[in-house]
Amino acid sequence: MKRVLVILPNAFEVFEAAAFIDALGWANEYGDTPIETVTTGTATEITYTFGVLNVRTDALLNNIAADDFDAVAIPGGFESKGYFEDAYSEIVLKTLRSFEESKKPIASICVGALPLAKSGILHGKRATTYHLMDGKRRRQLAELGAAVVDTSIVTDDNKITSTSPATAIDVALTLVETLTSPENSERIRQLMGFAP
């Protein structure tokens, strides 16, 4: 069995988090390798970007050990709603560094790449992030030491970054592939109806 930790910072994008949870859930149910998904955050109750939905996490982040998991995933969120205050907290950054130390897969969607960069694990690595807003987020990513690439999804070593919510399912299925196999990921893609 594989175990994936999904970090939900306050003001996370529910669509991006759902892509991870859904694709990993489908893989657990119909794939060739069981995958358990555990959500975590700095609090037990997290508000998503648009504030209508409160989510209860499975575990508090300060009770999590990277050694107990095979991968970590983090969705993006909105700065105006407080995403970076939580995503840049030392406990989030420390957790990301712990996964990097073990070279375990680390997947992010959209501005979820910025906490990775803030933690230092993208320094000198190829990465991408949100591409609109006149390139503001990409400039921030570069200022944090990443080598910004103009591609929708970038994989460098064990790290996956992407440009926007539109990439969410592809990132989640890339994570499934990394944890299992290309054949398994393709099967889940087809079963979920995302195959071309």
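The values are calculated or read from the model by the stated rules, or taken from the named source; none is laboratory data. Keep in mind it's a predicted model, so treat the numbers as computed, not measured. Heads up, the Cβs are rebuilt from the backbone with ideal geometry, glycines too, and the neighbour counts pull from every protein chain shown.
Condition (residue is over 20 Å from Ala65 (Cα atoms) and of a type in the set (S, T, N, Q)) applied to the range 97-112: is it met by at least one residue?
no
The helices (runs of 4 or more DSSP H) found entirely in the range 1-113 that carry 3 or more residues being among the hydrophobic types (A, V, I, L, M, F, W, C) and touching a residue at least 12 places away in the same chain (Cβ under 8 Å) are 14-30, 90-101.
Can you spot a residue in the range 75-89 that is over 12 Å from Pro9 (Cβ atoms), more than 15 Å from the chain's Cα centre (by Cα), surrounded by fewer than 18 Cβ atoms within 10 Å (Cβ to Cβ) and not polar (S, T, N, Q)? Checked the range 75-89: no residue is over 12 Å from Pro9 (Cβ atoms), more than 15 Å from the chain's Cα centre (by Cα), surrounded by fewer than 18 Cβ atoms within 10 Å (Cβ to Cβ) and not polar (S, T, N, Q).
Glu45: surrounded by 24 or more Cβ atoms within 10 Å (Cβ to Cβ), out of contact with any Phe, Trp or Tyr (no Cβ under 6 Å at 6 or more places or on another chain) and of a type in the set (Asp, Glu), yes or no? In short, no. Where residues in the range 181-193 are buried (at least 19 other Cβ atoms within 10 Å of the Cβ) and not aliphatic (A, V, I, L, M), which of them is farthest from the chain's Cα centre (by Cα)? The selected residue is Arg187. No other residue among Val92, Val52 is farther than 17 Å from Ala127 by Cα, among the hydrophobic types (A, V, I, L, M, F, W, C) and at pLDDT below 95 apart from Val52. Within the range 132-166, the set of residues being modelled with pLDDT under 95 and outside any helix (DSSP H, G or I) comprises Leu132 only. Residues of the range 119-127 include none that is out of contact with any strand residue (DSSP E or B) (no Cβ under 9 Å at 6 or more places or on another chain), assigned to a loop (DSSP other than H, G, I, E, B) and among the charged types (D, E, K, R). Of all the residues in the range 106-125, those that are on the phi < 0 side of the Ramachandran plot, surrounded by fewer than 24 Cβ atoms within 10 Å (Cβ to Cβ) and not aliphatic (A, V, I, L, M) number 4. What do you reckon, is Asp22 among the acidic types (Asp, Glu), surrounded by 15 or more Cβ atoms within 10 Å (Cβ to Cβ) and within 30 Å of Glu186 (Cβ to Cβ)? Judged against the criteria, Asp22 is a match.
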